[in-house]
Amino acid sequence: MNPKVSFIVPCYRLGHLLAECVQSILSQTYTDFEVLIMDDCSPDNTPEVGSSFGDARVRYVRNEPNLGHLRNYNKGIGLAQGEYIWLISADDRLRCDYVLQRYVSLMDAHPEIGYAFCPGHGLHDSNDTGLLKWTAYRPQDAILNGRHFLNDLLDDNFILAPSGMVRRRCYEHLGAFPEDMPYGGDWYLWCLFALHYDVGYFAEPMVDYRIHDLSMTNTLRQQNIRACVEDDLILPWRIRREAERVGAIAVVRRARRAIAEQFSRALVSFSVRGATSSISLNDFQERLGRVCDNILEEAEIASQVFELAADRFYWRNEFARSREMYWRARQGRPLSMVLWAKLLLSIAGKPGMAIRKRMSSVRRKNDTQPQGLLA
């Protein structure tokens with residue numbers, strides 16, 4: 001009989017942390033699970049550790065040769081037999097022995113939920129650094145309408161990867177990790193699944209996320225920061241296309257906004273763990289022309305991107321760059337009074353910023369003020 005839950009534990013050069021991760025799983029009060037240790041041809045002692053647990057629920061799998069992290073994840077998903085799949089890296093761990101019971105109980109009772117997640121604590125040199133505030137979505141447990149939740153998730157990925165347990169049919173019906181998104185594949189899947197399913201959320205932080213030099217995020221950042229930029233630019237386009245396919249018009253509109261936001265970030269600067277990168281105007285315009293459906297759409301999105309980029313430069317006191325971007329945005333919307341006002345205040349420099357700050361303060365105090373005016 002198949003287990004209820006499959007834990008997939010990818011491991012590469014993390015043999016020294018593997019036992020801690022697996023023991024946190026084996027200590028769970030809910031016991032109907034399997035653990036697949038996916039050793040991606042590690043050059044360390046992973047084979048010895050992976051074969052040492054003496055528990056029939058633990059299966060050690062070694063890849064020869066190295067597959068790379070995404071193909072290793074997908075191989076594990078393909079081997080998993082459980083109704084639910086939990087992917088947790090060998091350097092992370094579960095914080096409490098009841099977390100699996102809570103997840104299974106929720107998802108068994110609510111088949112409309114595609115996945116569940118929770119906040120986490122950071123680990124540095126095995127020391128608990130406290131709550132990772134960016135992972136705390138809200139203060140109470142909730143079952144979230146997937147498409148409403150997607151409005152927030154398209155802004156940024158606040159789901160801690162080792163906290164997510166996914167219903168198997170999400171992978172079967174919608175696909176596993178896209179191999180051309182090495183940095184943002186998990187974020188993409190959280191968004192894709194939320195487009196089709198509701199989402200469960202636990203407010204209690206029940207996982208630990210280890211921050212260290214061998215973590216996947218650090219490795220990708222060191223190898224190719226541009227791959228991180230590429231993934232963030234690709235993601236909202238793909239979600240938009242899928243939303244169009246299923247007729248989710250509100251999500252299409254939100255994804256268009258996310259496209260503009262991601263491009264504006266890339267034009268100004270993109271940062272991952274202290275490393276920064278950006279794209280040129282020529283690169284941006286070439287990319288936009290490739291993905292837009294028509295010239296009108298290209299002009300509309302370009303204007304939004306330039307305005308958002310200008311705002312970012314403006315609040316960094318880079319007035320010359322902001323003026324350039326506001327002027328470019330105005331070319332796409334020549335009658336926009338908001339853009340003209342922003343351009344004039346940018347020309348005024350710091351005195352203009354003082355005026356704009358006062359206007360923003362007044363707007364925040366007045367709920368009836370139109371949103372987005374001089375934001």
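Structure above, values below:
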| quantity | calculated |
| --- | --- |
| Failed item, numbered, when Glu307 is tested on (1) modelled with pLDDT under 90; (2) closer than 15 Å to Ala260 by Cα; (3) surrounded by 15 or more Cβ atoms within 10 Å (Cβ to Cβ); (4) not hydroxyl-bearing (Ser, Thr, Tyr) | (1) |
| Residue in the stretch 174-183 that is of a type outside the set (A, V, I, L, M, F, W, C), within 26 Å of Pro10 (Cα to Cα), exposed (fewer than 15 other Cβ atoms within 10 Å of the Cβ) and out of contact with any helix residue (DSSP H, G or I) (no Cβ under 6 Å at 6 or more places or on another chain) present | yes |
| Qualifying residues in the stretch 59-82 (those that are assigned to a strand (DSSP E or B) and either modelled with pLDDT under 95 or touching a Ser or Thr at 6+ places or on another chain (Cβ under 9 Å) (or both)) - the one surrounded by the fewest Cβ atoms within 10 Å (Cβ to Cβ) | Arg62 |
| Test: residue in the stretch 352-360 that is within 25 Å of Asp152 (Cβ to Cβ) and at pLDDT below 90 | yes |
| Qualifying residue in the stretch 84-101 (condition: assigned to a strand (DSSP E or B), hydroxyl-bearing (Ser, Thr, Tyr), under 23 Å from Glu112 (Cα atoms) and modelled with pLDDT of 95 or more) | yes |
| In the stretch 184-206, residue farthest from Val166 (Cα to Cα) [restricted to those that are aliphatic (A, V, I, L, M) and either touching a helix residue (DSSP H, G or I) at 6+ places or on another chain (Cβ under 8 Å) or surrounded by 21 or more Cβ atoms within 10 Å (Cβ to Cβ) (or both)] | Met206 |
| The stretch 46-61 residues that are under 15 Å from Ser89 (Cα atoms), paired with ones that are part of a helix (DSSP H, G or I) and among the charged types (D, E, K, R) (beta carbon under 8 Å, 6 or more apart) | Val61/Lys75 |
| Which listed residue, of Ala266, Ala243, Ala255, Ala227, is assigned to a helix (DSSP H, G or I), buried (at least 21 other Cβ atoms within 10 Å of the Cβ) and modelled with pLDDT under 90 | Ala266 |
| Of the criteria (1) under 19 Å from Cys21 (Cα atoms); (2) touching a Gly at 6+ places or on another chain (Cβ under 9 Å), which one Leu70 fails | (1) |
| Test: residue in the stretch 284-302 that is crowded, with 20+ Cβ neighbours inside 10 Å and either in contact with a strand residue (DSSP E or B) (Cβ under 7 Å, 6 or more places away or on another chain) or modelled with pLDDT of 90 or more (or both) | yes |
| Residue pairs meeting the criteria (Cβ under 7 Å; at least 6 apart or on separate chains; first at pLDDT below 95, in the stretch 178-202; second of a type in the set (Val, Ile, Thr)) | Met181/Ile234 |
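The values are calculated or read from the model by the stated rules, or taken from the named source; none is laboratory data. Keep in mind that what you see is a predicted model, and the values were worked out from it rather than measured. Reconstructed Cβ throughout: ideal geometry from the backbone, glycine too, with neighbour counts over all protein chains shown.
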